[in-house]
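J.: Before anything else, here's the structure in question.
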Amino acid sequence: MEKTTMKDVVNLAQKRWFVYPGSDIYGGLANSWDYGPYGSLLKDNIRDLWKKEFIQKRTDVMMIDCSLIMNPKVWEASGHVWGFSDPLMDCKECKARWRADKIIDAHVLAGATEPEGYAGDKTDTKVLENYIASESIACPDCKACNYTDIRRFNLMLKTYLGVTDDSASLAYLRPETAQGQFVDFPQVARTSRRKLPFGIAQAGKSFRNEITPGNFIFRTREFEQMEIEFFVTPWDDDEYFQIWKSESERFFTEIVWLSKENVRFVPIKKDELPHYSKEAWDFEYQYPFGWWEIETLANRTDYDLKAHMTHSKQDMSYFDAVNNKKFIPYVIEPAMGLGRIVLASLCDAYTIEETRTYLKLDPKVAPIKVWVLPIVKKLGHLAKEVYAQLSEEFLCEYDEVSSVGKRYARMDEIGAPLCVTIDTDNYEAGNVTVRHRDSMEQEVVAIKDLNEYVRNIVK
């Protein structure tokens with residue numbers, strides 16, 4: 001089997017309406033991507049599986065939907081206004097812009113010794129500059145070693161509310177969904193009457209003014225997160241951290257069905273931990289461009305609730321009637337990037353065989369479950385009756401254009417697990433032919449039993 005490249009995945013994604021450039025008729029916008037008919041369904045399916053596993057099937061997690069624009073004081077309390085920045089530098093020769101820590105990471109990955117006191121993007125800028133100079137790390141584009149001084153670049157995307165563009169009307173598009181759950185914790189705890197441990201979940205858009213977005217939809221300025229803030233007693237945090245590690249692994253390998261050899265959990269080193277974390281691990285997927293995180297699992301301790309309690313002067317504590325204690329809960333946070341999981345699913349499913357290329361998507365994830373086609377166009381009225389029967393229960397596609405072989409190839413590249421073909425002889429006998437994507441085997445199924453047959457495969 002040939003090795004999948006990012007070019008392969010991107011070409012198929014654009015060819016088959018999964019993802020394509022935004023604002024394309026105006027020349028596009030750098031790092032702006034639109035999810036097409038099949039990409040939006042794929043994304044919805046993954047989000048729905050997340051909701052089913054972590055909200056619908058549990059009694060201890062609730063979902064909320066917070067505003068994209070919050071009071072600016074929220075981001076002052078969380079530390080984003082002052083500390084949410086990346087070390088930025090430019091190549092003086094070719095004008096390419098780089099994150100200094102990522103340049104160093106690539107250099108270390110190639111076999112160099114890591115700089116003393118290195119802590120990723122939190123490292124002092126002088127340490128970064130001195131190391132890059134001493135190691136003569138070249139610009140990845142032009143191979144020169146002539147950079148500007150490193151400056152800190154805040155990732156918050158600004159906007160203005162009202163009729164004037166001044167500091168009094170300054171606001172921010174949220175850089176993460178999590179702060180909504182923290183700010184709403186007292187109301188949710190009070191109105192739901194839940195006892196610890198319990199979680200508050202949210203799935204929605206976040207925005208970051210990334211310096212070096214790229215690798216297709218992996219790193220974008222506008223992205224969607226699926227986050228759970230799971231509130232626990234401070235003395236049980238380590239136990240629940242391990243529980244959520246297991247839950248995350250189960251979701252990726254047994255629900256979304258990413259290949260086990262392409263996923264791993266790796267700890268974040270102590271000196272690279274975010275300021276709010278006691279412990280954190282990245283759940284990584286092996287993309288064609290390397291191992292990168294699709295989820296970060298963090299023990300955020302009581303940092304966020306305490307910060308908001310200090311800045312808002314509101315009581316964020318919880319009273320435990322069983323132990324007769326009042327305390328600030330600790331928080332275990334599994335935070336997933338939805339676009340990154342979509343990309344991982346496309347990469348993982350991309351399959352090249354001698355005669356064809358197809359997406360071997362798990363039926364639960366596949367955007368279209370059943371492809372319905374008449375063997376010839378004049379049988380369309382019969383095929384549409386079958387489509388109407390199946391579409392009551394499943395997402396289907398109807399196709400009567402071009403040869404059957406070309407339609408099968410189109411179905412394979414979109415990842416539909418089943419294709420139902422209607423021909424005169426079988427239809428008159430009350431049957432249709434079902435073709436399986438992976439094996440390409442075909443079998444005759446009675447129309448009256450068709451929905452149950454499909455249900456057993458795709459659900």
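J.: Do you know which residues across the range 298-313 are surrounded by fewer than 20 Cβ atoms within 10 Å (Cβ to Cβ) and touching a helix residue (DSSP H, G or I) at 6+ places or on another chain (Cβ under 6 Å)?
T.: Ala307, His311, listed by residue number.
J.: Shifting gears a bit: If we keep just the residues of the range 269-289 that are in contact with a Leu (Cβ under 8 Å, 6 or more places away or on another chain) and either over 26 Å from Thr301 (Cα atoms) or of a type in the set (Phe, Trp, Tyr) (or both), which is surrounded by the most Cβ atoms within 10 Å (Cβ to Cβ)?
T.: Looking at the filtered set, the residue picked out is Tyr285.
J.: Suppose the filter is under 27 Å from the mean Cα position of the chain (by Cα) and under 30 Å from Thr191 (Cβ atoms); does Leu88 pass it?
T.: no
J.: A follow-up question, please. Regarding Ile25, is this residue of a type in the set (A, V, I, L, M), surrounded by fewer than 17 Cβ atoms within 10 Å (Cβ to Cβ) and not in a loop (DSSP other than H, G, I, E, B)?
T.: So Ile25 fits the description; yes.
J.: Restricting to the range 1-22, count the residues that are outside any loop (DSSP other than H, G, I, E, B) and free of Cβ contacts under 8 Å to residues at least 60 places away in the same chain.
T.: So the answer is 5.
J.: In the range 93-116, what residues are surrounded by fewer than 18 Cβ atoms within 10 Å (Cβ to Cβ) and touching a residue at least 40 places away in the same chain (Cβ under 8 Å)? Even if it seems obvious, please write down each step before you answer.
T.: We begin by selecting, within the range 93-116, every residue surrounded by fewer than 18 Cβ atoms within 10 Å (Cβ to Cβ); these are 93-97, 102, 105-106, 108-114, 116.
Selection gives Glu93, Cys94, Ala96, Arg97, Lys102.
J.: Looking at this structure, is Glu254 without any contact (Cβ under 8 Å) to a residue 24 or more places away in the chain and either closer than 18 Å to Lys51 by Cα or among the small types (Gly, Ala, Ser) (or both)?
T.: Numbers: without any contact (Cβ under 8 Å) to a residue 24 or more places away in the chain: yes; either closer than 18 Å to Lys51 by Cα or among the small types (Gly, Ala, Ser) (or both): yes.
So Glu254 fits the description; yes.
J.: Of the numbered conditions (1) under 36 Å from the mean Cα position of the chain (by Cα); (2) more than 17 Å from Thr355 (Cα to Cα); (3) without any contact (Cβ under 8 Å) to a residue 12 or more places away in the chain, Glu385 satisfies every one except a single condition; which is it?
T.: Among (1) under 36 Å from the mean Cα position of the chain (by Cα); (2) more than 17 Å from Thr355 (Cα to Cα); (3) without any contact (Cβ under 8 Å) to a residue 12 or more places away in the chain, the lone unmet condition for Glu385 is (1).
J.: Looking at the range 156-178, which of the residues that are of a type in the set (Gly, Ala, Ser) and farther than 20 Å from Asp86 by Cβ is modelled with the lowest pLDDT?
T.: Ser167
J.: Continuing with the same structure: Quickly run through the range 123-137 and pick out the residues that are crowded, with 16+ Cβ neighbours inside 10 Å, in a loop (DSSP other than H, G, I, E, B) and modelled with pLDDT under 95.
T.: Thr123
J.: List the helices (runs of 4 or more DSSP H) that sit entirely inside the range 354-431 and contain at least 2 residues that are within 20 Å of Lys15 (Cα to Cα).
T.: 404-414
J.: Also, quick follow-up: Would you confirm whether or not the range 368-390 contains a residue that is loosely packed, with under 15 Cβ neighbours inside 10 Å, β-branched (Val, Ile, Thr) and closer than 30 Å to Phe289 by Cα?
T.: no
J.: Going through Asp90, Asp65, Asp34 one at a time, which residue ends up being in contact with a strand residue (DSSP E or B) (Cβ under 9 Å, 6 or more places away or on another chain), farther than 18 Å from Gly415 by Cα, not in a helix (DSSP H, G or I) and not assigned by TED's automatic domain parsing to the domain that holds Phe230?
T.: Residue meeting the stated conditions: Asp90.
J.: Moving to a separate point now. Report whether or not Ser67 is surrounded by 17 or more Cβ atoms within 10 Å (Cβ to Cβ), under 30 Å from Lys122 (Cβ atoms) and of a type outside the set (A, V, I, L, M, F, W, C).
T.: Values: surrounded by 17 or more Cβ atoms within 10 Å (Cβ to Cβ): no; under 30 Å from Lys122 (Cβ atoms): yes; of a type outside the set (A, V, I, L, M, F, W, C): yes.
No: the conditions fail for Ser67.
J.: Could you list, in sequence order, the residues of the range 244-268 that are over 18 Å from the mean Cα position of the chain (by Cα) and surrounded by 15 or more Cβ atoms within 10 Å (Cβ to Cβ)?
T.: Ile268
J.: For the range 306-349, give me every one of the strands (runs of 3 or more DSSP E) that falls completely inside it and has 2 or more residues that are over 18 Å from Phe198 (Cα atoms).
T.: 330-337
J.: When the range 206-236 is examined, which residues are found to be over 18 Å from Glu293 (Cα atoms) and part of a strand (DSSP E or B)?
T.: Selection gives Glu229, Phe230, Phe231, Val232.
J.: Let me ask another. Residues of the range 237-286 being of a type in the set (D, E, K, R), modelled with pLDDT of 95 or more and part of a helix (DSSP H, G or I), which ones?
T.: Asp237, Asp238, Glu239, Lys245, Glu247, Glu249, Arg250, Glu254, Lys260, Glu261
The values are calculated or read from the model by the stated rules, or taken from the named source; none is laboratory data. Keep in mind it's a predicted model, so treat the numbers as computed, not measured. Heads up, the Cβs are rebuilt from the backbone with ideal geometry, glycines too, and the neighbour counts pull from every protein chain shown.
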